[in-house]
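Every number in this text was worked out from the coordinates using simple rules, so none of it is lab data. Since we're looking at a predicted model, the values are computed, not measured.
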Amino acid sequence: MTKPYTGGCACGAIRYEITGEPIVMLDCQCRQCQHESGSGHASHVTFQAAEVTIEGKATTWDMVGDGGTRKRRAFCPVCGSPVYMTFSDAPDIFIVKPASLDEPERYRPQMVTWVAAAQPWDKVDPALPAFDRMPPLG
């Protein structure tokens, strides 16, 4: 077994532990991720939901992404830190923000998605595979 991924919000009111390995790590340049991050993209580490344990209660907000995916973004009601995201259409998927990891250096992006919505000033690693939208991940 590998070392668990642990993390949480900035104030510690929400904590998580994930026992499995990531399915994929990516940077997303869709407009929703731009809005949420306040920057040109958001970074995500995707896991199997069955491998996740959460302590603390997040505040959530639901939205529909550019591709029609229903998303539930979770953030701390105390400090406001974005922590994780789930999908009602894919309940087996659980995504954390790399900056919420106790060891954010474990984040190694493998691709960039939604480059069709990229801002010209947002420069992500040009060596990564890039997709105009979200490629199939399975």
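Results, tabulated for the structure shown:
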{"quantity": "Flagged links, alpha-carbon separation over 23 Å, of LYS57/LYS123; LYS3/LYS123; LYS97/LYS123", "calculated": "LYS57/LYS123; LYS3/LYS123"}
{"quantity": "Per-residue ³J(HN,Hα) for segment 27-35, Karplus 6.51 cos²θ - 1.76 cosθ + 1.60, θ = phi - 60°, Hz, x for Gly and Pro", "calculated": "9, 10, 9, 5, 4, 5, 5, 4, 4"}
{"quantity": "Per-selection Rg to Rh, segment 11-62 - Cα, Kirkwood hydrodynamic radius", "calculated": "1.01"}
{"quantity": "Kirkwood Rh in Å, taken over all unlike Cα pairs in the chain", "calculated": "15.2"}
{"quantity": "Over segment 40-138, relative contact order from alpha-carbon pairs under 8 Å, at least 6 apart, %", "calculated": "25"}
